[in-house]
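Each remark here refers to the structure printed beneath this line.
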Amino acid sequence: MATGKPKRSPEEIEDLLIQRILLVTFTAKDNKQVMYLERMAMDNLREGKSLLLHRGLTEAVLFDRLTGNFSGNDQSPPFEYLVGCYRRAFEEGNKMMQSPLMDGVIKPTKKLVAQYCRLCFSNPDMFPQGERISAGSDLLPLMGTPCKQEFFDEFFIDATFDDLYDEIREVTASVPLGDFVQPLGVLMKLLLEFPNGAKALVNHPLWLPKGAHVNGRMIEKESILGSFLHISPLPELTPSDPDYEDQLLCSSTSMSNSLDASSMSNLYDGLEKLLLHLLKDKDKNTRESVLDYIGNVIEKNSARSHMHVDTATCASSGMFFNLSVVMLRLCDPFLNDFRKRDKIDAKYVSNGTRLNLRSLTSLHASPEERGAWANENNSKFRNSQYCFICEWFFMTARVLNLGLLKVISDYRNVTEYVLERIDDLSLVQMQPPYPYLEASTKDKLSYEYQILEDNNIQRALSFYRLMIVWLVDSVGGFKMPLPSSCPMEFGCMPEHLVDDALELLLFASEVIPNKLDRDLLNDFMNFIIMFIASPNHIRNPYLRAKMFRVLKYWMPNRRDSSYFTVSPFQGHQLALGQYLIESILKFYVNIETAPFSEKFSMRHEIAKIFKSLCREPGHRDAWMKFAKKEEKGVYLNFLNFLVDDIIYLLDKGFNNIRKLKELEEKEKEREKKSYEFRSQVKSVKQYMRLASEDVSMLAFTSEQITAPFLLPQMVDRIANMLNYFLVQLAGPTRKSLSLEKTNKQCGFDRKRLLKKIVSIYVQIAREDKENTFAAAIGNDGRSYNDQLFTEVLNILNNPKLGEEVNLMENREFGNLHAKVKLAASEAMDEEEALGEIPDEFLDPIQYTLMKDPVVLPSSKVTVDRSVIERHLLSDTTDPFNRSHLTQDMLVPDVELKSRIDDFIKSRNQSASSS
């Protein structure tokens, strides 16, 4: 009878099991699959002990294997060997689920091996051949093995998490544009697959570095999350930094294109998942730690809002742009459901503790008003009462201000720098290569691909759309007129919320107009119409002026066919009402308070929009109604300031033309004009461009609505201005405005401007039934003379003007000339009849006979009503003591008027009798 293999004893089975797991033996010297532990085997022989491995020897055997210097057998590094031991123990356990050896040998061995893995990880030099454990190459592969869950449950304790997070941060931060895929993958798996991973991360010392010395740059460089957020192709410096040109030629700049769009998208995907997991962690302290981190990043980098950013103390634009993108992605749930805006609490601005929003400039409230409002709310609200959506909303707004919007500003600076270098090169005729130009162009491309990729602009616009709808809610919703007083919920909001929204709209309207959503633009249009001329709600005039710049891009009759398929103006109900036209005209008047050097360009933009709108029937009707209603109010102020601007701009332009003419004579023979000459050309071009636009505006206005020009407050002023410039363009010195070669470069056409001014004369004269305008022209003793009008007609009828000759208009101008001569003759007869006028009847400002004397309530001075009303169009103060004064405060001097009337009557009677 055949006999089978001899049955092994339990001791022999245990020996074989430990051999298979640890790959060691006391007996099999020639077995290449296991390592012969000769020293321990000889010690056992001397002591008369068994050469069989057993559970009591497991740790001693394992330690001997790790510390011995063996040859000819498995030479794997300690950590790799230990992981193999754990995997083999796991496999053996699957075979012996019901065996007593499972609890007696296999489980204790796995626990022991995991403990030694931790020792290798935290102290790689503890064993010979030990080496640093890499999160990517050593741990990531384990994530895909069957034993991963058991191994990591045994392997990870808090200290192990800390060491691993340290290693992940160091690997990621070692190079600016390093390979982040593996360390980010490990980090995500640690968070997603291990319950304590999130808690260990936010409790790690480098989750948020602490201390008085910590600044924004240190958080970026040292924090675990900062090491990932730092990865970016954006350059560190911009042209506003003094070291920018030094950086351009460094090799680091050329690295900026080494990250492609897919790489950055992968980074954003990973960071979004990472933060979302932390924010949804069942331990609320984890979410609080994330909010604390972002709050600290914002506060430590608040100086990024400055024009020049100190890169030694502030985080990079790359970090803040990445944070902007990720935070916007996490806003999607409430951006797609506007009903959730009710969870945004305005009181967070004054009472939230993570962000210091109280120090920011408000839309309208003064610091004292903000403080009082904060104190009022302080006893009712605590930071814990603000929900997550509320905090995330305001944090995202701040990050966008310091991140995305700052990056857009940097992009504009780099683009301007590139264009300036191109101009410089063309002037000096420099030949390739152009190192500065090439390097800065790479920077420009880096900005473009970062900003415009991944729907970043569209997602940010959706955020700001939510914000402006929420802001409008605080004043009662989209309706007009606005409440007269500004609610604190609106007035205390940081000014940059609206400023950033407008900047982004401007940028998007420039670079991606066809990708803008019509419904989105409608909400922005509503907001602009409501607040564009409301200093009671938005105090900063520059902010309201920026709204006009946005509207300019949305004009329905832009020539650029690549622009909006359908203009937001078309069919817009609020825009078609009186409110937009009214807002434009009111703001044109209010902008007088802006710095002198800037108000002209601001009004220039406003005038262009106004003219464009009024070509549309609906807007033109609204304009006509408003002008009639405010004929002696805002509309008259508008005309007065328009005249002021024309006088200033044409005077400056003409003076600069005369200076340019002198330079032209001096440099006639020079091939290359001097810097002074080129600067003078630019100056003339600027003044004449603005002046020409304003003159066109005045012509357009005088043609459509003439009545205000004939009011006593305006008629003399408009006549004097037109006469004055008629002398400049057609008088004896007109040749001083004739340039030989640079007229077109300067945008100046003397005859065209003359024709435009003549058309204004004619348009006002058509409605001058009482010859008021004709009399005002003739009364202008400074500029008017009979020969001037005759010379103008000679110029206009010159056949050299060709098709520009308007026979009907010239005929009307000739008829006006006849009326002016008659009115001037009658005025002279009247002046002779009056003779010497008593001083008490003369206006103290103009020294002309008062026709409607009024008393100024503060100074008690008596002046002519038309004279003081003309003054009040520009300045609402008493000219004699600067006290506040308005038209309704003027007191008629009935007794003096009666005496003046009697004086005129008596002198006329005397003249007629003689």
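Can you give the convex hull volume per residue for the Cα atoms of region 656-774, as a whole number of Å³?
Working: hull volume 11.7 nm³, N = 119.
Each residue corresponds to 98 Å³ of Cα convex hull volume.
Solvent-accessible area per residue for region 599-695 at a 1.4 Å probe radius, Å²?
Values: 4530 Å² over 97 residues.
On a per-residue basis, region 599-695 sits at 47 Å².
Helix 284-300: angle to the longest alpha-carbon principal axis of the chain, degrees 0 to 90, nearest 10?
Approximately 50 degrees, to the nearest 10.
Using a simple charge model, +1 on the beta-carbon of Lys and Arg, -1 on the beta-carbon of Asp and Glu, nothing else, what dipole does the chain show about its Cα centre, in debye to the nearest 20? It would help to have the intermediate numbers written out before the result.
Working: 112 positive and 127 negative charges, 284 e Å.
The calculation lands at about 1360 debye.
So how much accessible area does Glu368 have, in Å² to the nearest 10, using a 1.4 Å probe?
Accessible surface of Glu368 is approximately 140 Å².
Give, rounded to the nearest 20 debye, the magnitude of the charge dipole that region 199-243 has about its Cα centre when Lys and Arg contribute +1 at Cβ and Asp and Glu contribute -1 at Cβ. Show your work: numbers first, answer last.
Numbers: 4 positive and 5 negative charges, 75 e Å.
The calculation lands at about 360 debye.
Roughly what would the spin-label model give for Gln129 and Asn798, points 7 Å off Cα along C-beta, in nm?
Taking the simple label geometry, Gln129 and Asn798 are separated by 10.2 nm.
Counting Lys +1, Arg +1, Asp -1, Glu -1, what net charge surrounds Leu278 among other residues with beta carbon under 15 Å of its beta carbon?
Cβ neighbours under 15 Å give a net charge of +1.
Could you tell me how many degrees, from 0 to 90 and to the nearest 10, lie between the Cα long axis of helix 807-834 and the main elongation axis, the longest principal axis, of the Cα atoms of the chain?
Taking the Cα atoms of the chain, the angle to 807-834 is about 60 degrees.
So what's the back-of-envelope 222 nm ellipticity for the chain, counting only DSSP H runs of four-plus at -39500 (n - 2.57) apiece and dividing by all residues, rounded to 500? Show your work: numbers first, answer last.
Numbers: 41 runs with 551 residues, N = 914.
The helix contribution divided over the chain gives -19500 deg cm²/dmol.
Angle between the Cα long axis of helix 495-511 and the longest principal axis of the chain, 0 to 90 degrees, nearest 10?
For 495-511 against the chain, the angle is about 90 degrees.
To the nearest 0.05, what FRET efficiency results for Asp103 and Gln149 with a Förster distance of 25 Å applied to their C-beta separation?
Values: r = 19 Å, r/R0 = 0.76.
Result of the calculation: an efficiency of 0.85.
Please report, to one decimal in angstroms, the Kirkwood hydrodynamic radius of region 509-559 built from all distinct Cα-Cα pairs.
11.9 Å is the Kirkwood radius here.
Taking each pair of distinct Cα atoms in region 786-914 once, what is the resulting Kirkwood hydrodynamic radius in Å?
Details: mean 1/r = 0.0554 Å⁻¹.
Evaluated over region 786-914, this radius sits at 18.1 Å.
Could you work out how much longer the chain between Lys659 and His306 gets when fully extended? Use 0.36 nm per residue separation minus the Cα distance between them, nm to one decimal. Could you put the intermediate results ahead of the total?
Details: separation 353, 0.36 × 353 = 127.08 nm, distance 3.93 nm.
Extra length from Lys659 to His306 when fully extended: 123.2 nm.
Express the accessible area of region 315-391 per residue in Å², computed with a 1.4 Å probe while the remaining protein chains stay in the model. Intermediate results must be reported in sequence, preceding the final value.
Working: 3310 Å² over 77 residues.
Accessible area per residue, region 315-391: 43 Å².
Can you quote the Å³ per residue value for the convex hull of the Cα atoms in region 671-711, rounded to an integer?
Working: hull volume 3.0 nm³, N = 41.
Value for region 671-711: 72 Å³ per residue.
Using R₀ = 25 Å, calculate the FRET efficiency as 1/(1 + (r/R₀)^6) where r is the Cβ-Cβ separation of Gln887 and Arg766; round to 0.05. Present the calculation step by step, with values, prior to reporting the outcome.
On the way: r = 28 Å, r/R0 = 1.13.
Plugging the Cβ-Cβ distance into 1/(1 + (r/R0)^6) gives 0.30.
For His54 and Gln704 in one chain, what is 0.36 nm times their gap in residues minus the Cα-Cα distance, to one decimal in nm?
On the way: separation 650, 0.36 × 650 = 234.00 nm, distance 10.81 nm.
Roughly 223.2 nm would be gained on extension.
Treating each Cα of the chain as an identical point scatterer and ignoring solvent, apply the Debye formula and state log10 I(q)/I(0) at q = 0.06 Å⁻¹.
-0.63
What FRET efficiency comes out for Asp43 versus Lys273 if R0 is 56 angstrom and r is the Cβ-Cβ distance? Round to the nearest 0.05. Could you put the intermediate results ahead of the total?
Details: r = 54 Å, r/R0 = 0.97.
Efficiency, from the Cβ-Cβ distance: 0.55.
Using a 1.4 Å probe on the protein chains only, how many percent of the accessible area of the chain belongs to carbon and sulfur? If you can, show how the numbers build up before the last one.
Working: 21250 of 42610 Å².
C and S atoms contribute 50 percent here.
Which net charge results for the neighbourhood of Phe478, defined as the other residues with beta-carbon distances under 15 angstrom from its beta-carbon, given Lys and Arg at +1 and Asp and Glu at -1? Numbers along the way, then the final one.
Details: positive: Arg341, Arg465, Lys479; negative: Asp473, Asp519, Asp523.
Net charge in that neighbourhood comes out at 0.
Send over a whole-number figure in Å² for the accessible area per residue of region 852-903, probe 1.4 Å.
Values: 2460 Å² over 52 residues.
Per-residue accessible area for region 852-903 comes out at 47 Å².
The values are calculated or read from the model by the stated rules, or taken from the named source; none is laboratory data. Everything numeric in this text was worked out from a predicted model, so none of it was measured. Virtual Cβ from ideal backbone geometry, glycine too; neighbours counted across all protein chains shown. These area figures cover heavy atoms from the full protein model, side chains too; ligands, DNA and RNA do not enter into them. Shrake-Rupley method; radii C 1.70, N 1.55, O 1.52, S 1.80 Å.
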